[in-house]
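A short write-up of the structure that comes next.
Coordinate-derived values only; no laboratory data. Because the structure is a prediction, the values reported are computed rather than measured. With ideal geometry, Cβ positions are generated from the backbone for all residues, glycine too; neighbour counts draw on all protein chains shown.
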Protein chains: 2
Amino acid sequence: MTYVFIGIGGIVGSLLRYFISVWSDHLWIHAFPFGTLIANLTGSFFLGVFTRMYSENEKENRMLVLSIGTGAIGSYTTMSTLNTDIINLIDNGEISLVFLYILISLFGGLGAAWLGYFRTLKKRGHK
Amino acid sequence: MTYVFIGIGGIVGSLLRYFISVWSDHLWIHAFPFGTLIANLTGSFFLGVFTRMYSENEKENRMLVLSIGTGAIGSYTTMSTLNTDIINLIDNGEISLVFLYILISLFGGLGAAWLGYFRTLKKRGHK
């Protein structure tokens with residue numbers, strides 16, 4: 001049953017990332033991987049919120065954590081596409097875009113997760 | 001049909017990441033997110049190889065690129081879990097692990113994608 005929950009989450013997350021990548025394909029500069037960036041920033045934010053809400057009582061909320069956290073949001077964001085995007089940008093000589101992309105992905109993603117985790121909800125019974 | 005291919009890839013990728021995270025749960029230091037790290041490094045390598053092999057003739061190999069690249073490997077690796085792991089490590093005061101984790105994820109992931117993309121195969125008819 002665990003696998004079914006994670007698998008359904010995986011379908012939702014990967015398709016959502018695909019839709020965003022198709023939708024964002026002609027935003028601003030064609031070479032810039034906006035789709036991956038949008039998925040990674042929004043996904044990091046929502047996983048921050050979600051972790052804060054549910055993972056403390058992981059046993060109680062196990063199926064929810066696995067389906068939404070591990071399955072959907074985990075699959076919605078991606079590290080391999082980010083890295084391959086970077087290698088492709090380097091291969092095409094787009095060095096300034098490489099730095100922009102890495103900086104926004106790294107600090108933006110961490111900032112989004114931080115915002116989701118620490119700033120959107122009061123931790124239940126802690127701090 | 002496109003959605004089915006991506007969805008099946010998403011199931012495979014998310015379950016594989018889950019299996020690795022369960023298997024690696026007690027490696028070395030319990031607090032260190034080995035599962036995410038292993039998935040992100042190996043996934044970046046394989047997407048590098050895969051992109052080099054297939055994305056140049058993207059139209060011809062469209063279903064393969066979507067199913068394996070976007071679906072499976074994209075879902076296997078994760079950026080949101082990486083960021084939430086980092087926030088959790090910070091929240092637990094594991095600052096030295098935070099730096100180790102970020103450095104290995106960032107440079108290791110890029111290095112793995114680079115290795116996969118530039119070093120494993122000769123680009124078909126290019127360079």
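Side notes on the structure shown:
- Length available on full extension from B:W23 to B:Y3: 0.36 nm per residue minus the Cα-Cα distance, which gives 4.2 nm.
- For chain A, a crude dipole built from +1 on the beta carbon of Lys and Arg and -1 on the beta carbon of Asp and Glu, taken about the Cα centre, is about 780 debye to the nearest 20.
- Neighbour cut-off at most 14 other Cβ (10 Å), DSSP loop, trypsin sites (Lys or Arg not before Pro), the range A:44-113: A:K59
- Under-5 Å amide H pairs with B:T77, H placed in peptide plane, nonlocal only: A:M79, A:S80
- Positive dipole terminus of the range B:3-127, leading residue within B:P33, B:I73, B:F50 (C-beta point charges): B:F50
- Label separation (A:R119 vs B:F118): 3.7 nm, computed from points 7 Å beyond Cα along the C-beta direction.
- Copies compared at B:R62 - label distances in nm, ascending, label defined 7 Å from Cα in the Cβ direction: 4.3
- The long axis of helix A:80-91 is offset from the longest Cα principal axis of chain A by roughly 10 degrees.
- With Cα atoms, 0 to 90° folded angle of helix B:2-23 axis to chain B main axis: 30
- Across the identical copies, the 7 Å label point of B:T2, projected outward along Cα→Cβ, sits 3.5 nm from its counterparts, in ascending order.
- For chain A, the 222 nm mean residue ellipticity estimated from helices alone, with every DSSP H stretch of n ≥ 4 adding -39500 (n - 2.57) and the total spread over all residues, rounds to -18000 deg cm²/dmol.
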